[in-house]
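Presented below is the structure to which this report refers.
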Amino acid sequence: MALLPILRFPDPRLKKVAAPVVRVDDSIRKLAADMAETMYEAPGIGLAATQVDVHQRVVVIDVSEEKSELRVFINPVLSHCDGSQVGEEGCLSVPGIYDKVERAEQVTVDYLDLDGQAQSLRAEGLLAVCLQHEVDHLNGKVFVDHLSSLKQTRIKNKLAKQARVTA
Ligand code: NI
C-alpha cells in the first residue's frame, strides 16, 4: 500500500468529473487500499479518488469511532434522498476549514463492491452526509461550493496565506 498526495482546494483538478469504473480489477482494489491508508493517515472519515487525482468513481469511508468499518463504494449512485440535516463539514482537500452544509438526512446508495457485485445500502446521519460529500467530489464539487461566494473568497484567501506560511 502507499500514501497518496491529496489535492488542495482550489486546485482545478478537483473540478474534474470522474468516470465510471468499467471493471473492478486488481488496479481498482489497489487504488481503494491506497485511498483507505491515505484517509486513515490524514486522518479523515472519507476520501474520493478525485482528491488523489484519480478520476474514477471510487470512494472510501469509515465513520466508526474505532476506525474499524472501512466501506468502499465503486460507482456510487445516490437515490431516495429524504429529509434534511445541517452539520459542520470539513474536507482533507480544504484543511482547517469547517462550515455548515445542508444535506439530506437519509440516502440510498447503489454501488459495486470490491468483487464487482452490485450492492445497495440505506444510510442516515453522518454516513449519509459523508456519502453526499464524497459523491460531490466525484462530480467535481467541493463542500465550499455549497457556501456563499463571500465565504468562498475568504476561504481561498485563508488557504493561500497558509500555503505561503508553509512554503
Ligand atoms: Ni472532501
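Derivation of every value follows stated rules applied to the coordinates shown; laboratory data play no part. Computed from a predicted structure; not experimentally measured. Here the Cβ positions follow ideal geometry from the backbone for every residue, glycine too, while neighbour counts run over all protein chains shown.
Taking Rh as the Kirkwood radius, which is the inverse of the mean 1/r over Cα pairs, what is the Rg/Rh value for segment 83-153?
1.02
Once amide H atoms are built 1.01 Å from N in the peptide plane, which residues 5 or more positions from G46, or in another chain, come under 5 Å H to H?
D62
Placing +1 at every Lys and Arg Cβ and -1 at every Asp and Glu Cβ, with all other atoms neutral, what dipole size does the chain have around its Cα centre, in debye to the nearest 20?
For the chain, the charge dipole is close to 1000 debye.
Please list 3J(HN,Hα) in residue order for segment 145-154, calculated via the Karplus relation 6.51 cos²θ - 1.76 cosθ + 1.60 where θ = phi - 60°; whole Hz, with x for glycine and proline.
Along segment 145-154, the couplings run 5, 7, 8, 5, 5, 4, 5, 4, 5, 4 Hz.
If the limit is 30 Å between Cα atoms, which of K16/K161; K30/K100; K30/K151; K16/K158 go over it?
Beyond 30 Å: K30/K100; K30/K151.
Where nothing but the Cβ of Lys and Arg (+1) and of Asp and Glu (-1) is charged, how large is the charge dipole of segment 4-94 around its Cα centre, in debye to the nearest 20?
Roughly 520 debye for segment 4-94.
Among the chymotrypsin sites (Phe, Trp or Tyr not before Pro) in segment 72-134, which ones are in a DSSP loop with at most 16 other Cβ atoms within 10 Å of the Cβ? Mind listing them?
Listed in order of number, the matching sites are Y98.
Can you pull the Rg over Rh of the chain, Cα-only, Kirkwood?
Dividing the radius of gyration by the Kirkwood radius yields 0.95.
Tell me which residues come under 5 Å, amide H to amide H, from E89 once H is placed; ignore anything under 5 positions away on its chain.
When sequence neighbours closer than 5 places are left aside, the close amide H contacts are D99, K100, V101.
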